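Peer 1: Please read through the structure below; I'll follow up with questions.
The values are calculated or read from the model by the stated rules, or taken from the named source; none is laboratory data. Quantities reported herein were computed from a predicted structural model and do not represent experimental measurements. No Cβ is skipped: glycine too gets one built from the backbone with ideal geometry, and neighbour counts run over all protein chains shown. All accessible areas refer to the heavy atoms of the entire protein, side chains included, with ligands and DNA or RNA removed. Shrake-Rupley method; radii C 1.70, N 1.55, O 1.52, S 1.80 Å.
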Amino acid sequence: MNQISSTRRRRGLFVALLGAALVAALAGPAGSSSGVVVTSGAFHAFAAGEGMDISGQAQMVRTADGRTIVAIEVRGLNPETTYGSHVHAAACGVGNADGHYKFDPAGPPAPPNEIWPGPFTTNPAGIGNGFTIADGTAGPTAVSVVVHAPGGAKIACADLG
């Protein structure tokens with residue numbers, strides 16, 4: 001299989017997973033009206049990711065039944081490399097998106113208290129996809145998604161607006 005076919009297949013998988021998540025989210029509990037909130041944004045490189053042609057998108061769905069779904073696709077990363085990804089509590093331009101969003105600010109720095117659509121591993125073309133469904137509706141300070149390089153440096157961010 002050539003690189004273009006592999007990239008198209010991964011992108012198709014991303015779209016299919018996101019579509020399935022949105023259908024489930026929009027359906028909500030039987031008999032309820034849609035209380036779904038969808039936010040999305042485009043990835044751009046932080047200073048630590050300069051020199052990389054990073055692009056892609058992030059989408060967050062807050063469902064009517066109290067779940068938060070986050071799907072990301074990031075391009076321009078190093079091939080076959082594992083990256084961390086987390087929802088953050090500030091916009092990309094505020095202190096490099098500040099710290100991780102937590103459902104309980106005093107709680108532990110890991111799921112289920114945080115929303116992690118990673119770790120994910122990129123394909124040979126440097127494209128990575130992350131996806132998670134968290135129990136709980138993300139609050140108003142869940143405003144960005146950050147990609148962390150191996151070792152933890154923040155290399156890319158997408159504001160969810």
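Peer 1: Quick check, is Glu80 at pLDDT below 95, of a type in the set (Asp, Glu) and open to solvent by 40 Å² or more (accessible area, probe 1.4 Å)?
Peer 2: Criteria not met by Glu80.
Peer 1: Are any residues in the range 79-121 out of contact with any His (no Cβ under 9 Å at 6 or more places or on another chain), in contact (Cβ under 8 Å) with a residue 12 or more places away in the chain and among the aliphatic types (A, V, I, L, M), and if so, which ones?
Peer 2: Passing the criteria: Ala90, Ala91.
Peer 1: So for the range 111-119 (the condition being modelled with pLDDT under 95 and open to solvent by less than 70 Å² (accessible area, probe 1.4 Å)), does at least one residue qualify?
Peer 2: yes
Peer 1: Further question: Can you tell me which residue within the range 84-110, out of those that are part of a strand (DSSP E or B) and under 19 Å from Gly151 (Cβ atoms), is most open to solvent (accessible area, probe 1.4 Å)?
Peer 2: The selected residue is His100.
Peer 1: Within the range 46-77, track down each residue that is in a loop (DSSP other than H, G, I, E, B), β-branched (Val, Ile, Thr) and either under 14 Å from Ala158 (Cβ atoms) or open to solvent by 60 Å² or more (accessible area, probe 1.4 Å) (or both).
Peer 2: Residue satisfying the conditions is Ile54 alone.
Peer 1: Another one. Go through the range 120-145 and report how many residues are assigned to a strand (DSSP E or B), of a type in the set (A, V, I, L, M, F, W, C), open to solvent by 20 Å² or more (accessible area, probe 1.4 Å) and within 21 Å of Ala91 (Cα to Cα).
Peer 2: 1
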